[in-house]
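First the structure, then my questions, so here it is.
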Amino acid sequence: MRDDIAQHPFVREFIVMSKKWSYNGDPENLIFSYFFEDHDNLKPMLKVMRNHGAIIETTYNNVDRFEFTEEFAEYLQLPV
């Protein structure tokens, strides 16, 4: 997430999905994608992030969709 925000500092939206699925997003609206196969326990991690107010769920179809809060985006942009 840090790398994604560093490369695209104004993007806040992301989806989570399987690499086996296809997703046809809007080419004019860049969003990040995170895959279950790349991140163990992705859904539980997202739940913790929601509980801490780091992300907001914005799902409106069959793909889980979230947005970083501005506070979390700023945190991700801090030097490590």
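Only one of Phe68, Phe10 is surrounded by fewer than 10 Cβ atoms within 10 Å (Cβ to Cβ), modelled with pLDDT of 95 or more and either of a type in the set (Phe, Trp, Tyr) or in contact with a Ser or Thr (Cβ under 9 Å, 6 or more places away or on another chain) (or both); which?
Values: Phe68 fails: surrounded by fewer than 10 Cβ atoms within 10 Å (Cβ to Cβ).
Only one candidate qualifies: Phe10.
For the structure I just gave you, tell me whether Val48 is surrounded by 10 or more Cβ atoms within 10 Å (Cβ to Cβ), out of contact with any Gly (no Cβ under 7 Å at 6 or more places or on another chain) and not in a strand (DSSP E or B).
Numbers: surrounded by 10 or more Cβ atoms within 10 Å (Cβ to Cβ): yes; out of contact with any Gly (no Cβ under 7 Å at 6 or more places or on another chain): yes; not in a strand (DSSP E or B): yes.
Judged against the criteria, Val48 is a match.
For Val63, state whether it is among the hydrophobic types (A, V, I, L, M, F, W, C) and modelled with pLDDT of 95 or more. Outline the logic, then answer.
On the way: among the hydrophobic types (A, V, I, L, M, F, W, C): yes; modelled with pLDDT of 95 or more: no.
Considered against the rule, which asks whether it is among the hydrophobic types (A, V, I, L, M, F, W, C) and modelled with pLDDT of 95 or more, Val63 comes out as no.
Another question, then. From the list Tyr60, Tyr34, which one is over 13 Å from the mean Cα position of the chain (by Cα) and of a type in the set (Ser, Thr, Tyr)? Write out each step before concluding.
Values: Tyr34 fails: over 13 Å from the mean Cα position of the chain (by Cα).
None of the other options fit; the residue is Tyr60.
May I ask you to list pairs of residues, at least six apart or on different chains, whose Cβ atoms are under 9 Å apart, with the first in region 7-34 being part of a loop (DSSP other than H, G, I, E, B) and the second being charged (D, E, K, R) and surrounded by fewer than 12 Cβ atoms within 10 Å (Cβ to Cβ)?
Close Cβ pairs satisfying both conditions: Arg12/Glu70; Ser18/Glu37; Lys19/Glu37; Lys19/Asp38; Lys20/Glu37.
When region 51-65 is examined, which residues are found to be surrounded by fewer than 16 Cβ atoms within 10 Å (Cβ to Cβ) and assigned to a strand (DSSP E or B)? Show your work before the answer.
Just the residues of region 51-65 that are surrounded by fewer than 16 Cβ atoms within 10 Å (Cβ to Cβ), to begin with: 51-53, 56-63.
Of everything in region 51-65, those that are surrounded by fewer than 16 Cβ atoms within 10 Å (Cβ to Cβ) and assigned to a strand (DSSP E or B) turn out to be Ile56, Glu57.
Within region 15-38, can one find any residue that is under 18 Å from Asp3 (Cα atoms), touching a Lys or Arg at 6+ places or on another chain (Cβ under 7 Å) and either exposed (fewer than 10 other Cβ atoms within 10 Å of the Cβ) or of a type in the set (A, V, I, L, M) (or both)?
yes
The values are calculated or read from the model by the stated rules, or taken from the named source; none is laboratory data. From a predicted model like this one, the values you see are computed outputs, not experimental measurements. Don't worry about glycine lacking a Cβ; one is built from the backbone with ideal geometry, like all the others, and counts go over all protein chains shown.
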